[in-house]
Structures are given as C-alpha cells and as structure tokens.
1. For a 24 Å ceiling on Cα separation, which of these pairs sit above it: Lys94/Lys200; Lys22/Lys69; Lys84/Lys112?
2. Count charges around Arg100 for me, please; just the other residues with Cβ under 9 Å from its Cβ, Lys/Arg as +1, Asp/Glu as -1.
3. Considering the convex hull of the alpha carbon atoms of region 17-151, report its projected area averaged over all viewing directions, in nm², one decimal.
4. Name the residues whose placed amide hydrogens come within less than 5 Å of the amide hydrogen of Ser35, ignoring near sequence neighbours (fewer than 5 apart) on the same chain.
5. Restricting to DSSP H runs of at least four residues, report the calculated mean residue ellipticity at 222 nm for the chain, -39500 (n - 2.57) per run over all residues, nearest 500 deg cm²/dmol.
6. Of Pro114, Pro68, Pro41, which has the largest mean-square fluctuation in a 10 Å C-alpha GNM of the chain?
7. For the chain, what is the percent of antiparallel DSSP beta bridges, rounded to the nearest 5?
8. Order by neighbour count: Ile216, Ile7, fewest other Cβ atoms within 10 Å first, most last.
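No value in this document is a laboratory result; all are computed from the given coordinates. These figures come from a predicted structure and were not determined experimentally. Glycine gets a Cβ as well: all are built from the backbone with ideal geometry, and neighbour counts include every protein chain shown.
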Amino acid sequence: MTLGKFIVLDGNDGSGKATQSKLLTRRLSEESIASTIMDFPGYDRNLFGALLGECLAGTHGDFLHMDPKIASILYALDRFESSKTIRDALAMGKIVIADRFSSSNQIHQGGKIPAEYERVSFLGWLDRVEHEVLHIPRPDLIIYLRVPVEISLKLLLEKRATKNRLLSEGVKDTVEEDRTYLERSHETANWLATQQKNWKVIDCANQFGMRSVEDIHNEVHKIVGSLVKG
C-alpha cells in the first residue's frame, strides 16, 4: 500500500487554521480520499498537551519568557505522544491533516529570540530534537496561512470580545497578549518560508482586508491537490 501524505496547516493567530483544516478534510472526503485530522497541542488528548494548556494559561508562571529550548521540549513531547497515531494513519494510505505541528514550535519559540543568528541556531537544534532524537514524523507539506500582525491582533480582540476567550481555569492566554512576541513570531515564519522546501505560503489578506474563507480554502485545496494527486 502506498503511504499517505502528512499535511500541516499553520499560521499566525487569527488565520483560521482550524477552519481551513476542517474544510480540507471535508473536501477530501467528498473526493473519496481517506483522511484524518488532528489538532495540536493535544490539550484534551495528551499528557503533555494538558500540561501545555496549564502553562499557556499562566498556571506555572511566565511561560512567555521561559527559555525557548525548555518550552519547545514540552511542545515536542506532546507531538511525540501522537507520533504513532500519525504513522499508523500514513501506513494505511490516509492523508493526515494537522492543525499546527512542529512548525508552530519553530515559529513561536523562535519568536522569543531577538538575534537572528541565535534564532537560526535554535531552529537547527529544535529540528534535530523533534525529528532525529524523538523521531516525530516530518510533514510532507506545510501550508502557512499568513496574516499581517495588525489584522491578527484585531481579529483576536474581536474574538475575545464576542466569546470571552479563556483557557484553563478561566485565565487569559498570556502568550497571545504580547504584541512584540507576535511580531517576532511573524518574522520567524517569514524566514522559515524562504528556507524550507516543504513550505507553501498563502496570504490570507489583501489591500481590502481578509480574503473570504472560501477563497482561501480553494487555494489550500489546489496546493494539496498537486501533492495528493501528483
């Protein structure tokens, strides 16, 4: 049996990763292409995912300023817990769609490091930890949904206002509140997109604002189709 493909949808905050992952899964099902969807971190699924939920909520101190190597290991171990599930699905020939994966670790933890040369060194170290030490599956394709920082922040504020967005124990997500952190993460993602062959970037906004969900989905589907259907 031919191995399946591992596809990750990533993006900065407010880019609609979860929505696009679900739309892609549904579209593939309509085309009779077997697929499965996973979201990361696995807050309700994995031991380390639950711990990450507590950290992001501020339960264990200032997670934003925790050393990126230490923080990134927690995220990597969450994915490590799901590695067998991913490999089993790929062995069955399925398309595995992940809403965030190792790329999120690179983007957000790399965003903590101001100096570019230190950031590049960290990204190389993290790649070795995830894929050589822990043997976490490497995605065949990473689609990065790019949204300008100002729009991303605006979308998050609107989301909080309408849904009173909270994490574990009713504490606001301390990471998303830091503008500088988001800006550095955005810079890291743009750099990675120029360096990684398996990355494809979709700009989710134009001069008029955010593109429609349907328009973005059609571009996602086109990119995935070229991989899945050859």
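1. Lys22/Lys69; Lys84/Lys112, as the Cα separations exceed 24 Å there.
2. Values: positive: Lys17; negative: Asp10, Asp39, Asp99.
Combined, the nearby Lys, Arg, Asp and Glu give -2.
3. If you wrap the Cα atoms of region 17-151 in a convex hull and average its projections, you get 9.3 nm².
4. Here Ile95 satisfy the definition.
5. -16500 deg cm²/dmol
6. Ranking Pro114, Pro68, Pro41 by mean-square fluctuation puts Pro114 first.
7. Close to 10 percent.
8. Numbers: Ile216 23, Ile7 26.
Fewest-to-most Cβ neighbours within 10 Å comes out as Ile216, Ile7.
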